[in-house]
Amino acid sequence: SPLDQFIINNLLEINSPFLNLSTLNFSTFSLYTLFVVLVISLTFILSIGGESNNLVKGSNWLIAIEAIFDTILNMVKGQIGGSVYGRYVPLVYTLFTFILVANLIGMVPYNFALSASLIYIIGISVSLWIGLTILGLFLNKAVFFSLFVPSGTPLPLVPVLVLIELLSYTARAISLGLRLAANTLSGHLLMSILGNLVKNLMSINYFTFIFGLIPLAGIFAIVILEFAIACIQAYVFAILTSSYLKDSIYLH
Amino acid sequence: MPQLIPFFFLNQLFYGYLALFALLVLVSWVILPYLLQLQIVRLLITKL
């Protein structure tokens, strides 16, 4: 089944006769979270080590990391601005690099797509939403609720608009994560289904093998598109987080 | 869908948040200060 690629297996089980420690089991998912952290830290360590250590112009890898940093910095500056945007750069940078690396690792054949795990990704977006609401209440106190009343609304329409705005604000908690998880999930399913289809077609006889090269080129294009989606979705997640941060800090 | 088996929910959340927190610490204490220092050094060299 195309869904087999998302199966989580326990690699190392922790058992206790007294407590249920299944939460701490080392599973496929845990292994890939470890991979993501290792890839990000090793890329940085290797890019600043060796001959390029302590040079003003670093290695090409460091330039790549700096390009990502500049992109995130400018994005957060553009969205939040003011004198406080610097505080939120580490959070947005972490989310962006984590999702980007997780998506790209998932694109390597026979690897596990971390960001297709709906529970985890929606868990992150719900946590972010709760955090942003607390931040907004902490910074703006009761004025925070003016977020639900667009300026210039006629008084009779206020109750209806508050309900609609409240709904749209609450939906952010799910939509932020669902967007990423659904994109990754559908992309991986599509590649798996089409790949199997073409494999079956090409393995019938010589004629279908030659004929099958045409849809194979189409699948190749879809794989390239998925690579683009992997990067774009990480960027979208980061830009939406900054936009929601702006809403919490400045209210509109 | 295999990723929606409730047995693995807490496992996913535990390791996922752990990794994200570890990365946040690494980014805010090591990576970003290094990049910022590099940019300040460059700024000093070009403006001096």
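Give the shape of segment A:101-252 as rounded, prolate or oblate, defined through the alpha-carbon gyration tensor: a ≥ b ≥ c are the square roots of its eigenvalues, a/c under 1.5 means rounded, and otherwise the shape is prolate if a/b is larger than b/c and oblate if not. Here segment A:101-252 falls in the prolate category.
Over the alpha-carbon set of segment B:1-47, divide Rg by the Kirkwood Rh and report the Rg/Rh ratio to two decimals.
Result for segment B:1-47 is an Rg/Rh of 1.41.
Excluding same-chain neighbours fewer than eight residues apart, no lysines are reachable from A:LYS199 by a Cα-Cα span under 17 Å.
From least to most packed, judged by other beta carbons within 10 angstrom and beginning with the fewest, A:HIS188, A:HIS252 follow the order A:HIS252, A:HIS188.
Computed from Cα atoms, the angle from the helix A:28-48 axis to the main principal axis of chain A rounds to 80 degrees. Shape annotation for the protein assembly as shown: C-alpha extents along the principal axes are 69, 62, 55 Å, from largest to smallest. In a GNM of chain A with a 10 Å cut-off on Cα contacts, which of A:SER83, A:SER41, A:SER59 has the highest mean-square fluctuation? Per the Cα network of chain A with a 10 Å cutoff, A:SER83 tops the list.
Each part gets one Cα centre, and for segment B:1-42 versus segment A:84-111 those centres are 8 Å apart. In straight-distance terms, cross-link reach from A:LYS246 covers every one of the lysines whose alpha-carbon lies under 18 Å from its own, apart from those fewer than eight places away in the same chain; here that gives A:LYS77, A:LYS141.
Of B:LEU18, B:LEU38, B:LEU26, which is the most mobile in a GNM of chain B whose springs link Cα atoms less than 10 angstrom apart? Top of the fluctuation ranking is B:LEU38.
Diagonalising the gyration tensor over the Cα atoms of segment A:187-252 and scaling each eigenvalue by 5 before taking the square root yields semi-axes of 43, 9, 6 Å, largest first. Could you give the angle, 0 to 90 degrees to the nearest 10, between helix A:89-107's Cα long axis and the longest principal axis of the Cα atoms of chain A? With rounding to tens, the tilt is 20 degrees. Centroid-to-centroid, using Cα positions, segment A:115-131 and segment A:190-223 are 35 Å apart. Helical content alone sets the calculated 222 nm signal of chain A at -24000 deg cm²/dmol, taking -39,500 (n - 2.57) per DSSP H segment of four or more residues and averaging over every residue.
Give me A:PHE18, A:PHE237, A:PHE209 ranked fewest to most by other Cβ atoms within 10 Å of their Cβ, as a rough exposure proxy. Don't jump to the answer; show the numbers that get you there.
Details: A:PHE18 5, A:PHE237 26, A:PHE209 12.
Least crowded to most crowded, the residues run A:PHE18, A:PHE209, A:PHE237.
Sorting A:TYR32, A:TYR206, A:TYR120, A:TYR235 on the 10 Å Cβ count, fewest up front, what's the list? Please report the intermediate quantities before stating the final value.
On the way: A:TYR32 22, A:TYR206 8, A:TYR120 26, A:TYR235 15.
Neighbour counts put them in this order, fewest first: A:TYR206, A:TYR235, A:TYR32, A:TYR120.
Largest mean-square fluctuation among A:GLU226, A:GLU13, A:GLU66, in a Gaussian network model of chain A whose springs join Cα atoms under 10 Å apart, belongs to A:GLU13.
Computed from Cα positions, the angle between helix A:60-79 and the longest principal axis of chain A comes to roughly 30 degrees.
Just to check, using Stokes-Einstein with a Kirkwood Rh over alpha carbon pairs, what's the diffusion coefficient of segment A:1-103 at 10 °C and 1.306 mPa s in µm²/s?
The diffusion coefficient I find is 94 µm²/s.
Only the coordinates and a few stated rules stand behind these numbers; no lab work does. Keep in mind it's a predicted model, so treat the numbers as computed, not measured. So basically every Cβ, Gly included, is an ideal-geometry build from the backbone, and we count neighbours across all protein chains shown.
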